[in-house]
1. What is the sum of charges, Lys and Arg at +1 and Asp and Glu at -1, for the other residues whose Cβ falls under 12 Å from the Cβ of B:Ala228?
2. Based on DSSP, what percent of beta bridges with both residues in the protein assembly as shown are antiparallel, to the nearest 5?
3. If you average the sequence gap of Cα pairs under 8 Å that are 6 or more apart and divide by the length of segment B:177-286, what percent do you get for the contact order?
4. Under 8 Å for C-alpha pairs, at least 6 residues apart: give me the relative contact order for chain A, rounded to a whole percent.
5. For segment A:175-291, build the charge dipole from Cβ charges (+1 Lys, Arg; -1 Asp, Glu) around the Cα centre, then report which of A:Val201, A:Gly250, A:Gly232 sits farthest towards its positive end.
6. Length gain on complete extension for the stretch A:Ser16 to A:Arg79, per 0.36 nm per residue less the alpha carbon to alpha carbon distance?
7. Report the antiparallel proportion of the DSSP beta bridges in segment A:231-389 as a percent, rounded to a multiple of 5.
8. Working out 0.36 nm times the residue gap between A:Asp35 and A:Ala628, then minus their Cα-Cα distance, what length gain in nm do you get to one decimal?
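The values are calculated or read from the model by the stated rules, or taken from the named source; none is laboratory data. Keep in mind that what you see is a predicted model, and the values were worked out from it rather than measured. Positions of Cβ are generated from backbone atoms using ideal geometry, with glycine treated the same way; all protein chains shown enter the neighbour counts. SASA here: full protein model, heavy atoms, side chains in, ligands and nucleic acids out. Shrake-Rupley method; radii C 1.70, N 1.55, O 1.52, S 1.80 Å.
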Amino acid sequence: MSDMTAEAAPPRWTPSRDEDAALVAGRGRFLDDLDPLPGTLVAAVVRSTRPHARLLSVDLSRARAHPGVAAVIGPDEVRAALRPFPLSTGAAMPYLPTGVDKVRFVGEPIAVVVATDRYVAEDAAELVAVDYEDLPAVSTARSGLADDAPLLHDDAGSNVATDRTFSFGDLDERFAAAAHVVTRRYEFPRYSSVPMECYSVIAHWTEQDGGPFVEAWANFHGPFSMVPVMAGALRIPTSRLRLHVPADIGGSFGIKAGIYPYVVLLALASKHAGTPVRWTEDRVEHLTASSSGADRAMEFSAALDAEGTITALRADLVDNVGAYLRPPEPSTLYRCFGNITGPYRIDAVGIRARAVVTNTMPTGLNRGFGGQQLYFGLERLLDDVAAELGLDAVELRRRNLITSFPHETATGGVYDSGDYLAALDLATKNADLPELERRREEARAAGAHYGIGTALVVDPSGTNIGYVGLATPAEQRTPGRDKSGSTEHVRMSVDPQGVVTVMLGSVPQGQGHATVARKVAAQRLGLPLEQVRCVIDMDTATTPWTVTSGSYSSRFAPLVTSAVVAAADTVATTVRAAASTLLDDVDPDTLVLADGEVRTPDGRGVKFRHAAGVVHWDPAALPPGVPARLYAEAEFSPRETRAATADDRINSSLCYGFVAEIVAVRIDPDTLEISVDRVSSVHDAGTVLDQTLLDGQVYGALVHGLGGAAYEEFTHAPSGQPTAATFLDYLCPTSAEAGFELLTDHVVSPSPLTPLGAKGCGEGSSMSFPVAYANAVADALAPLGIDITSLPLHGEVLHQLLHDRKDA
Amino acid sequence: MKAAPFAYVRPPTLDDVLAELAGGDGKVLAGGQSLVPVLAMRLGRPATLIDVTAVPELTEHGPTGRSGYRVAAAVRQRVVERDPAAQDVPLIPMAMPFVGHRELRSRGTVCGSLAHADPAAELPAVACCLDAQVEVSGPGGARTVSAQEFVTGAMTTTAGPEDVLTAVTFPTAGPGDGFGFAEIARRHGDFALAGVVCRVHVTGSGAVDSAVLTGFGISDRAVTRDVAALLATGEREEDLRPATIELAAEMVDTGGDTHGSTGYRRRLFAVLAARELARALRRAREGRTTT
Ligand SMILES: Cc1cc2nc3c(=O)[nH]c(=O)nc-3n(C[C@H](O)[C@H](O)[C@H](O)COP(=O)(O)OP(=O)(O)OC[C@H]3O[C@@H](n4cnc5c(N)ncnc54)[C@H](O)[C@@H]3O)c2cc1C
């Protein structure tokens, strides 16, 4: 072996993940690479060009007559066949995959053309004649709330889709007794994650014994609670909808959870075409009509005692969820419910949570879901409090940090582990705070601007879907219909040569699940990596799944790897028993799996593969009661994530990690360009399963945060027309924008709730960076008396702020 | 995002190109970096695309005459960027890295950029500042126009629908020349929010005898001004700033957008103009042209 490697030329590139070699060589299997059904036709979607209009008529006749067109469906076909999607609340805001009576955002589907290829489909799509009666439009949360705002959904009588108020602890008393009360309004912008691969669907409707059957392929990654939602809209039982997810998905970061209405729409198109139908979303469609994070208008109030201890917090949150309350919205409001007080000891909390519909693309999951909005308010408030009280912003945070774990929050969260002070200390040490302060002095002396910003965020992972229940008042929740938890399944098998296969239905979108699952299984079974492989497959007809399945809310590290451990332990039990038959029937419980062997305490051993071979070839030799089965199906389903209580408390995630981030920015006093000078980011994700992948998640989330902080925004003209519908205007940061000094580090507080101690780590800096950046810019401009209350921040925005100040 | 149907031809001679253009419902296809997105978005739907890259004389580039550098219509931006002879027009290597990204420049042509006439494009601004000469062929024969006359507005030029821009000749630098180039964009490779190109010429004694400044991204086209008088107000950036602020108020008249309002573009233009003029003057006096 060693001789062979000595002679071989050194590899020029060693992939750091199992997935990479195939992806780099163009051997990925994305949905567009698959052609599972012969005779599949291609669809193009006709979309609204108006932000808000009544559909007076939709004439499909010319499109239907166009050569090469197999079918065209529009509002009539949708109304006749589909039921509105079941919503998370009782709002009278029916949502169908096309507008039927009205259109409510630019890009909303109106019709689908099915043709021989996409060119012909787009030619025919131009022939669909839509007669609109324009209505006034609103595009922001505050304008949607206004008394005279145009109504999007007439039956609802209001644009407020949900409005709930919560109070925990002696809130009013604390505010009444406070030495200081600081109240501020903030606004968080709307942006996405912009996956490289857009939405893609193949759908096939067939009539079978017992009724219609829909088979679909989509680059959908959950939550699989949307599978019954899709079936509901199609008026078929969940068992008659078979969904396949390709092994490779080109990114999502939550955005592709919004694909499910298109699966329903394409299934209906297939029914009319009589063939399978494929639709691949283009970038303009993606930027106008897929999904994005919700923008939020908010007001935060802190009550403080004379020493600067925060005694109570009020948060008034108004999410702009777009034209419909598309499930899983209004979850942006609730995903961080248990950690709404962040890393601080605050035991009295008041919350008002509202979602407003406006004439914009519907919102949904976006990396850092609900966290980037929440922490923008909370951590901006901490800085504003510090400024008002004349305290150092870091010192104020230190005074209020939680220091013992587990810690139960006022809203029901249970922080499993952490060491927030250690992480903060490490972040400030790595940042070399005195040096940054010196740079700030120097810049100010030279008439330039330099600022330092901090953000401390609790990073939830392993969502408890029970939080969706909070959108409904406790007394209206149906008894016996509670929701809770977060289950994951993993299957594992061992072949006659002892090769272990880990089968994941975890629908990864590029995170490297296979790399980590393989490593965890190999370690658990004492096998060399080469003896373990990982297969990714999701087919709802054959892969075990639950409504919580999917790749979202940083579930992989806490939940999936825990199920890998459970499956490996089941396999190991059988392998030990089989090995005992080769080792003079020693007690299997005394055997240890290591180095590809099964060993006795006195050092005798047999190969793992020989033990596995016994199960395959000589099962009759197995000890009584030992199953002749090297196939395990294991589940991890933590019981710490229960349904919401009658008093509206919930542990909204299983694990809570932590991020301490310090950002320093320099602002050119002439051009007002902002450049990031240094970032120090310390993460606590519990046990680190793979350093390279963790680093990749930290960098990726941080640059995603930079996008929202400085570049990306879905903007709208006063008319309601989107003004960032192509990459000419929707600006994602590129490597050229990410060249700043970045110092990352970790503290490790293993979770007591997962077998490996791991927590999720996919989202952290996407929640912390936007506000840390805003705090840095605010610090830089504080001498000019400029108040920072929103994002993004770039030269043009600062120019306007300075200009407004001059006018004042 | 698929183009409407069109025909495609790749004629071997300039005469064939002109014959294909006759009628006016065709469009010249050069590098395709601006035209293809327009087709894909169905913002334009020409009946025929006439690819000019197979015409041998349109692939030429290099020194011409005593003080010129000529680039014909099929020559890619990247080829010019890597051509040592192009260094004799110092503004070309200064501006070229800002024209989109390297990948785009490997397809996009210099002449295509001029013909496209985006108000925020770098190469038309360089051509205007240097008063480059543009060669146009059409039904009426061949003619040469100065770059400033060629560009008449946003995405519009004096080339008609039956014309083809065959080449552009930039004047090479001589003793006493100094140049400046700068732009500010939201991200590297984006079209500029505001940019400036300038050329200052000094006499043997160091006195300014001509100074030209072109702004781009600030109006419906690149705008050029004689700034010799302005340079009399000072030599350092700080000293020039009051005059460039006034100049910005006059020259910057674009409506602006979410990335840069008119006011912000004025601010940027004033800063860049003062900075680059001071730099160009210094370079001219030190005989270094660009560094
Ligand atoms: C992502 C992106 C970023 C970009 N960033 C920049 C930037 O920062 N700065 C910048 O300047 N440009 C930028 N561009 C545009 C790019 O530089 C184009 O290459 C250039 O504008 C057009 O050159 P082309 O050869 O590709 O022309 P084409 O796309 O082939 O043609 C463009 C237009 O000019 C006409 N045309 C082309 N050649 C001739 C000719 N010889 N005679 C008559 N008409 C002709 C065509 O008919 C068409 O109308 C960017 C493009 C993209 C896609």
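1. Charge balance near B:Ala228 sits at 0.
2. Numbers: 150 of 184 bridges.
Bridges in the protein assembly as shown that DSSP calls antiparallel: roughly 80 percent.
3. 33 percent
4. 15 percent
5. Result: A:Gly232.
6. So the extension gain works out to 17.7 nm.
7. Numbers: 10 of 18 bridges.
The antiparallel proportion sits near 55 percent.
8. Difference between extended and current length: 209.7 nm.
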